[in-house]
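Q: One structure, pasted below without further comment.
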Amino acid sequence: MIKNYFKIALRNLFKHKVYSFINIFGLAVGIACCLLIGLYVQNEWSYDTFHSNSDRIYRAWTTETMEDGRELLNTSTPIPLRQALEEYIPEIEKSTYIFRFNNLVQAPERPDQQNEQMLVVHNDFFDIFDFELISGDRETMFQNPSSVVISRETAERFFGSDNPLQQTLSIRIDDEFQSFSVTGVLENAPSNSSLEYSILLPNENLDRLVGENSFNSWFNIFGPTYVLLAENAESDALDAKFQSMLQTVLGEELQSETNFAIGLQPLTDIHLNPEFPPNIASVSDPAYSYLLAAIALLILFIACVNFMTLSISKSASRAREVGIRKTMGAIRQHLMAQFWGEALMMTVLAITVGVAFSELLLPLFNDLSGTSLEFQLTLGSIGILAGLAILISLIAGIYPALILSGFRPVEVLKGHLNLSADKSFFRQSMVVLQFSLSIALIFGTITVHRQLSFMQNKNLGYQTGQVVVVESGLSAGPSVPMSELIQNGYQMRDLIANEISGAQGVESISVSTFSPVQVFGWFRIGFSDNQNQQQNLHANVIDAEFINTLGIEIIQGRNFSDVNPSDERRAMIVNQSLVDYFGWENPIGRRLPGPEFIDHEVIGVVEDFHYESLHTEIDPLAMTMNPEIIFSGINNIMLSNSPSPRFSFKLNTGNLSKTMASIQNVWETVSPGTPFNYTFVDQSLEAQYRQEQRLSRIVTTGSFFAIIIACLGLFGLASLMVLRRTKEIGVRKVLGATSSSIVLLVNKEFTKLVLIAFVIAVPVAWYFMSSWLQNFAYRIDIGLGIILLAGISALVVAWLTVSYQSVKATLVNPVDSLRSE
Amino acid sequence: MIKLKKIYKYIDKRFQRTFILKDIDLEVKEGDFITVMGPSGAGKSTLLNILGFLDDASEGEYFFLDEPVHNLTEKRKSDYHKSHIGFVFQAYHLIDELTVYENIEMPLLYRKVKSKKRKAMVAEMLDRFNIVAKKDLFPPQLSGGQQQVVGVARAIIGSPKLLLADEPTGNLHSEQSEEIMEMFTKLNKEGVTIIQVTHSEKMAGYGNRIVNLKDGVVVEENPYDE
């Protein structure tokens, strides 16, 4: 029996090659999309679960309530926290502080220094986390403060194929190089680890990286604290203990004054929870993985719908078989089994092809999504595939199995089968559904593209092309005061300016604490104004050349001037937003409304420029040459980047590589041994929108596939419809219809469906895209243009697809089409 | 074997009732070879479908081997259908995707006949109808007459008591028609009850009884008796 079904299924497959191709290919593409996206989503959701104790590992957070009622949530923690936790909370088994810093590293045999990111951790780090130790002795490797553990990738970079153990690495800490001996090599962190590492140093080195008072201060925060709870401890029950611990260590008064509180966040929650500040862990918005999963399911669904609609259209020919089988004694269950079995066979074939596709497309997908995923064929994944096969075949085979099997043999054998109105309604609504989804996806694609190009082409208020930013590499440790750092920057700039004056293509050079490359990184300062209200500003320390170099427009007053020595001491330039914020009618000569600020004066106002990304509005900004003005009057400061100075070069050159080479030459004479790290402003701006660009690429690819699959379905439907109407078309032609009127006749039916789909899709897509655009402070309007473009492109694609069939039908000689009846 | 009492078949459309069969009384004895005749639209095929359990009467009683069919469950009907009734159609109704062999075999599959026995039975049929050479061909590769031979072979492979034929020769030329009719006569002699529908007087001649239908009513039964 099964053999018989199998044979007939296979023969049907080959007999209707076009439909089989559409079904299998469409489904295979759908499945490939699903698998790839599934892999990505699974990777996202499995972050940090590979640690054997993942359910007991937590990251501490702190909150501090400000005077104006704002709550500051932070995952950077004060250094004494770890000690206190170990002491007062017995449920905490292990704990580590993690401090991250960048500095130069050199292997003794190699002269070139590398700027490396390093972590300073406690010995417990290796017990809490399951990062695999490839070589080295776990017991002794962190005993000596001058030992270092490195990742496999780092070992290969510094030592090649040599055994890295007992080799020496010179690491610059607080301005001097110190030798560390490699005592362990860790396997690279897995792709789904929120923590990454290359060089790990013992905790004893921390005192030379942060100021001494930080070791006892509860309000200086540097890095996260991770803890391992005892096996039966419940994190919720610890809250009360934390409260009493804080009262003990902080003193009751300070604790109630600051409302300082701490809590624990599960390790596995970190990656997909953007509500906590990310700190050193990688965090991504879970909305993106939901969105991706939705797109994958949509594509799969569209492919399943194809399967259904095509089998409905083919049911006329299969109906006869149903009739015959029923008169031969088949009952309905037999036929249901047969049709579902056929669907299952097709699906298994499609899955096989789909797996092959996804295997082929994986590198492309990794490129697209910025990941490095791999397929692993495990028992689990085979089980999921089998489940998928059954699910898809159940959905895809539902029409023939349930409806076709119920046909009455008398009717179908007599040829009285009328695919009555309700069935063609079902089929048409499926087409409408497919096209609604496609139009919505096109709509989304166009909107995302428009928004991205809007951001890229928006006038940011400063020059982005031909500006290059070079990191000074000046050390910004606790032993270097801010003013000294800036003085060093000025000196270095003068040296470079002297050397470079001969070089061609460099128009100007400026030094500043921050440049437009450090998005989200400019000083955020807070101060109490004269009415004792908390005020917040952004700030930067710049030189007289900064405004010229970046081409920022001065709308009132003047720029800093070298000939006016008092500028260096007491001048300030603010942006228009600041003037508006404080409601100054005549800003020149004003000062910031904080009583604590030292003597200063606004000498100029610049047009607002986007020193942050376009996700946020332009905030009030103050710029001075003298850092003391800013630091004198503030009560808090936030910075996400090192305040080590940067040099901005404005270029004016046709030969970029030659100019860059000459700058590098100068660099090596002025600051020998410091790496020449440079960034072009326009490139770094693009990097700000990487997540959006990735989204855009994935949505584009997804809608491309969705439309292809929907068109395949439409193509099949159109060909079946033309087949059904061959006689009608023949009669019409005999009676004198022109070819174009016949094409129109066929296309009209589908045009109607696409238009209905358009009406359904537009409001839904509009709603979703408007809410996505809310993420941007500066955004496009979804105009009629986008709506029409989405609709028209769907219509054009549908017309092209259907026209092939209808034109073919008109070219048939009516004599043939009428005789065949 | 078969008793029809006051069988009606009608279709209700809006406020109008269209009768296809009206007040049919018919008795068929085992071993009969009955021909149903009448003009197009007289209700011949509908009558045959009701006899073959493919359609239900709107009113009236139908006894098959003394069982009241009008009261049977679907399951029982299907069982009767499988074991007692064979069909031959005007348009042959073979499955194009199956070979001659597989088409003949199909009814046995639904009766769960064991593979070995199935093979023997199909081989016997192929032999009996002289189509062994054609067993691996597909229906579209055969002539109409050959297809109908396969149709007959498929209908009788389950050794039915009743063979229903709806214009079995309607698509065939006379030589082929005669061949099929000879076959029917032979089967009838072996004890199979046959009811056929036909337009052709000549084909009707093979039977031993004629029922004439007009507008759903029996107008004349068995003119040969008079």
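The values are calculated or read from the model by the stated rules, or taken from the named source; none is laboratory data. Since the model is a prediction, treat every value here as computed from it, not as a measurement. Reconstructed Cβ throughout: ideal geometry from the backbone, glycine too, with neighbour counts over all protein chains shown. Please note that ligands, DNA and RNA were not included when accessible areas were found on the heavy atoms of the full protein model with its side chains. Shrake-Rupley method; radii C 1.70, N 1.55, O 1.52, S 1.80 Å.
Q: Kindly indicate which of A:329, A:323 is among the small types (Gly, Ala, Ser), part of a loop (DSSP other than H, G, I, E, B) and closer than 30 Å to residue B:108 by Cβ.
A: One residue alone meets the criteria, A:329.
Q: Moving to a separate point now. Taking residue A:543 and the conditions (1) touching an Asp or Glu at 6+ places or on another chain (Cβ under 6 Å); (2) part of a loop (DSSP other than H, G, I, E, B), which numbered condition does it fall short on, given that it satisfies the others?
A: (1)
Q: Please go through the range A:42-98 and pick out each residue that is in contact with a strand residue (DSSP E or B) (Cβ under 8 Å, 6 or more places away or on another chain), among the aliphatic types (A, V, I, L, M) and in a helix (DSSP H, G or I).
A: Within the range A:42-98, A:81, A:85 qualify.
Q: Find all pairs meeting these conditions: Cβ atoms under 7 angstrom apart; at least six residues apart or on different chains; first residue within the range B:83-112 and closer than 24 Å to residue B:51 by Cα and at the interface with chain A (Cβ under 8 Å from one of its Cβ atoms); second residue acidic (Asp, Glu) and surrounded by 19 or more Cβ atoms within 10 Å (Cβ to Cβ).
A: Short answer, once both residue conditions are applied: B:89/B:166; B:95/A:321.
Q: Inspect all residues belonging to the range B:172-194 and state whether any of them is assigned to a strand (DSSP E or B) and touching a helix residue (DSSP H, G or I) at 6+ places or on another chain (Cβ under 6 Å).
A: Yes, the conditions are met somewhere in the range B:172-194.
Q: Could you identify the single residue in A:49, A:77 that is at pLDDT 85 or above, open to solvent by 30 Å² or more (accessible area, probe 1.4 Å) and outside the structural domain of residue A:369 (by TED's automatic domain parsing)?
A: Unique residue meeting the criteria: A:49.
Q: Could you identify the single residue in A:292, A:297 that is more than 27 Å from residue A:83 (Cβ to Cβ), under 21 Å from the mean Cα position of the chain (by Cα), surrounded by fewer than 21 Cβ atoms within 10 Å (Cβ to Cβ) and not assigned by TED's automatic domain parsing to the domain that holds residue A:74?
A: It is A:297.
Q: Please work out which residue is farthest from residue B:159 (Cα to Cα), limiting yourself to the range A:327-339 and to residues that are crowded, with 21+ Cβ neighbours inside 10 Å and more than 8 Å from chain B (Cβ to nearest Cβ).
A: My answer is A:339.
Q: Okay, next question. Is it the case that some residue within the range A:4-25 is under 24 Å from residue A:268 (Cα atoms) and either within 14 Å of another protein chain (Cβ to nearest Cβ) or crowded, with 16+ Cβ neighbours inside 10 Å (or both)?
A: no
Q: Which count do you get for residues in the range B:38-66 that are among the hydroxyl-bearing types (Ser, Thr, Tyr), touching a residue at least 60 places away in the same chain (Cβ under 8 Å) and away from chain A (no Cβ under 13 Å)?
A: 1
Q: Could you please find all residues in the range A:110-150 being open to solvent by less than 40 Å² (accessible area, probe 1.4 Å), among the β-branched types (Val, Ile, Thr) and within 25 Å of residue A:230 (Cα to Cα)?
A: Correct list: A:120, A:121, A:128.
Q: Oh, and also: Within the range B:18-26, does at least one residue satisfy the condition of being touching a Phe, Trp or Tyr at 6+ places or on another chain (Cβ under 7 Å), crowded, with 22+ Cβ neighbours inside 10 Å and under 27 Å from residue B:205 (Cα atoms)?
A: yes
Q: Tell me which of these residue B:152 doesn't satisfy, since it passes every other one: (1) at the interface with chain A (Cβ under 10 Å from one of its Cβ atoms); (2) open to solvent by less than 20 Å² (accessible area, probe 1.4 Å); (3) assigned to a helix (DSSP H, G or I); (4) in contact (Cβ under 8 Å) with a residue 40 or more places away in the chain.
A: Looking at each condition in turn, residue B:152 falls short on (1).
Q: Let me ask another. Taking the range B:70-82, which residues are of a type in the set (S, T, N, Q) and facing chain A (nearest Cβ under 9 Å)?
A: Of everything in the range B:70-82, just one residue is of a type in the set (S, T, N, Q) and facing chain A (nearest Cβ under 9 Å), namely B:78.
Q: From the list A:395, A:390, pick out the single residue that is in contact with a Ser or Thr (Cβ under 9 Å, 6 or more places away or on another chain), surrounded by fewer than 21 Cβ atoms within 10 Å (Cβ to Cβ) and away from chain B (no Cβ under 14 Å).
A: It is A:390.
Q: Any residue at all in the range A:726-743 that's under 38 Å from the mean Cα position of the chain (by Cα) and of a type in the set (S, T, N, Q)?
A: Among the residues of the range A:726-743, not one is under 38 Å from the mean Cα position of the chain (by Cα) and of a type in the set (S, T, N, Q), which makes the answer no.
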